[in-house]
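Let me begin by presenting the structure, written as structure tokens, before commenting on it.
A short reminder: the numbers here are calculations on the coordinates, not readings from a lab. Since we're looking at a predicted model, the values are computed, not measured. A quick note on method: Cβ atoms are made from the backbone with ideal geometry, for glycine too, and the neighbour counts reach across all protein chains shown.
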Amino acid sequence: MELREKSGLPGSALKWIAILAMLIDHIGVVLLYGWAKYRHAWGAGIESLDFYYFVRGIGRLGFPLFCFLLAEGFVHTRSRWKYLLRLFIFALISELPFDRAFWSGWVDLGHQNVFFTLSLGLLAAMLWDELTQGNAPDCLPWRGIAAIGCAIALGAAAYYLKTDYDAMGVALILVMVLLRDKPWVRDLVAGGVLAAMIPFGSHWIELFGVLAFPLFHLYNGQRGRQSKYFFYIFYPAHLLLLALIAKLLFKA
């Protein structure tokens, strides 16, 4: 019996959109903004901040999409611990290219790459799921308190480690996992998380992340054709390439 493809977007298409959004965003940060700093003015076709913010606005689609896909991976992966290990290994691999691309040095302990955020968010979801699985009524309150405590602790770790999106990133991942079966509630709460980033120092442009939400509803539940390790390799590789281009252009 031949399986027919469902209408909508498979996970592979959403991942490509997320990767392209991320790439555009990083080009904006490393090259456009780097060029402006190098020239000490907005020039050479970049007459104002408008184009820069437009590029960064497109980039805001990336992280919510990656969180959504991580939630799907959380449900469908054969081994959550192996999934977590992959994220953590590539967090370590990506840190030097991340620091070099964004902070002009090979080591910057004040900022950590997004793979650390994804790792902490996945671990928070795993612990939450493990702690709330019990059915005994007398255990459930304590399990719930422990699950909340673990989530707060891992969010605090992201905050103090200065990972990309820090505690709010961990919260967004938990929202995607815990409200996966309630898509409209998920979108509402996720929008609240994005809005909550602004009082804590994030730019208002983070609100453009809600533009990714309609894409969640186009997901057809299928994985699609994709390389298992492409994104893992692409992330540090593209950062290293952008850092090299920036060095050649700006002698940074």
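Between Thr163 and Gln112, the built amide H atoms are under 5 Å apart, and every one of these is 5 or more places off in sequence or on another chain.
What is the gain in length, in nm to one decimal, between Leu241 and Arg223 on full extension, counting 0.36 nm per residue of separation less the C-alpha to C-alpha distance?
Numbers: separation 18, 0.36 × 18 = 6.48 nm, distance 2.87 nm.
Contour length minus Cα-Cα distance gives 3.6 nm.
Between the listed residues Ala167, Leu70, Ser7, the Cα displaced farthest toward the positive end of the dipole of the chain, a dipole computed from Cβ unit charges relative to the Cα centre, is found at Ser7. Helix 80-103 sits at what angle to the longest principal axis of the chain, using alpha carbons and giving 0 to 90 degrees rounded to 10? Computed tilt is about 20 degrees.
Only loop residues by DSSP count here, and only those with at most 10 other Cβ atoms within 10 Å; note down the chymotrypsin sites (Phe, Trp or Tyr not before Pro) in segment 189-252 that meet that.
Numbers: sites: Phe200, Trp204, Phe208, Phe216, Tyr219, Tyr229, Phe230, Phe231, Tyr232, Phe234, Phe250; in loops: Tyr229.
Answer in residue order: Tyr229.
Taking the Cα atoms only, what angle lies between the long axis of helix 11-27 and the longest principal axis of the chain, rounded to 10 degrees? The two axes meet at around 30 degrees. The alpha carbon centroids of segment 184-252 and segment 95-164 are separated by 17 Å. Projected onto their three principal axes, the Cα atoms of the chain cover extents of 65, 48, 31 Å, largest first.
Which entries of Lys82/Lys247; Lys82/Lys162; Lys6/Lys82; Lys162/Lys182 show an alpha-carbon separation above 26 angstrom in the structure shown? Exceeds cut-off: Lys82/Lys247; Lys6/Lys82; Lys162/Lys182. For the chain, the longest principal axis of the Cα atoms and the long axis of helix 183-196 meet at an angle of about 50 degrees.
Each of Ser202, Pro97, Gly192 was placed along the dipole of the chain (beta-carbon charges, centred on the mean Cα), and the one lying farthest toward the positive end is Pro97. Remark on Tyr219: its backbone amide H falls under 5 Å from those of Leu9, a criterion applied only to residues 5 or more positions apart or on other chains, H modelled at 1.01 Å from N. Here the alpha carbons of segment 78-133 define both size measures, Rg and Dmax, at 13.6, 45 Å.
Think of each Lys and Arg Cβ as +1 and each Asp and Glu Cβ as -1; about the Cα centre, that makes the dipole of the chain roughly 560 debye.
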